[in-house]
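Bear in mind these aren't lab numbers, they're just calculated from the coordinates by the rules spelled out. Worth saying up front: this structure is predicted, and the values here are computed from it rather than measured. All Cβ positions, glycine included, derive from the backbone under ideal geometry; neighbour counts span all protein chains shown.
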Amino acid sequence: MSRAAENASIDSKIEEMLKGPVAYAFGYDDEVAPARILKAFVKKAKKCEIKGGIVDGKLTSAADMDAIADLPSKEVLISRLLGSMKSPISKFVIVLDQIAKQKGEAPEA
């Protein structure tokens, strides 16, 4: 792992994280899933800890990994974004419809 981190130009501080017994988890499609799974395991096992991680090629602290683990999934974030974008548009269409009805330009539904 040391050699891979060095080849990937990861901060040399990773060497501290690699001391002692260490386990690795990889997530290629979902960056949040490994952190979430490890956090759940650590909470259940109570005999280990998350020392940190590498996210998007950057060394990440244990506190940051904990915060990442609490993020919603990518699908949930996308649906929230789309819902946020849709809401103002829907309200705008309703306002336009009401204005048209007031002017007598729109048929009654």
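A viscosity of 0.692 mPa s and a temperature of 37 °C, combined with the Kirkwood radius over Cα pairs in Stokes-Einstein, give a translational diffusion coefficient for the chain of 186 µm²/s.
For the chain, averaging the sequence separation of C-alpha pairs within contact (under 8 Å, six or more residues apart) and dividing by the residue count gives a relative contact order of 20 percent.
What is segment 1-57 by shape, rounded, prolate or oblate, if you read a ≥ b ≥ c off the alpha carbon gyration tensor as root eigenvalues and call it rounded for a/c under 1.5, prolate for a/b larger than b/c, and oblate otherwise? It comes out oblate by the Cα gyration axes.
When the helix-only estimate is applied to the chain (DSSP H runs of n ≥ 4, each -39,500 (n - 2.57), divided by the residue count), what is the mean residue ellipticity at 222 nm, nearest 500 deg cm²/dmol?
So the helix-based figure for the chain works out to -17000 deg cm²/dmol.
For the chain, a simple Cβ point-charge model (Lys and Arg +1, Asp and Glu -1, everything else neutral) yields a dipole of about 400 debye relative to the Cα centre.
For Lys47, go through the lysines and keep the ones whose alpha-carbon is under 28 Å away, minus same-chain ones fewer than eight residues off. Candidates past the 8-residue exclusion: Lys13, Lys19, Lys39, Lys58.
Cross-link partners for Lys103 among the lysines, with Cα-Cα distance under 21 Å and sequence neighbours closer than 8 places in the same chain left out: Lys91.
Counting only the backbone N, which residues of segment 41-73 are under 19 Å from the spot 7 Å out from the Cα of Glu31 toward its beta-carbon? Answer for segment 41-73: 51-73.
Close amide-amide hydrogen proximity is noted between Asp11 and Leu59, each under 5 Å apart and 5 or more residues distant or on a separate chain (H modeled in the peptide plane; Pro and chain starts excluded). Checking every one of the trypsin sites (Lys or Arg not before Pro) in segment 1-103 against DSSP loop status and a limit of 14 other Cβ atoms within 10 Å picks out Lys13, Lys19, Lys46, Lys47, Lys103. For Ile54, the residues 5 or more places off, or on other chains, whose built amide H falls under 5 Å of its own are Thr60.
Using 0.36 nm per residue, how much length does the chain from Asp11 to Ala40 gain when fully extended, once their Cα-Cα distance is taken away?
Separation in residues times 0.36 nm, less the Cα-Cα distance, equals 7.8 nm.
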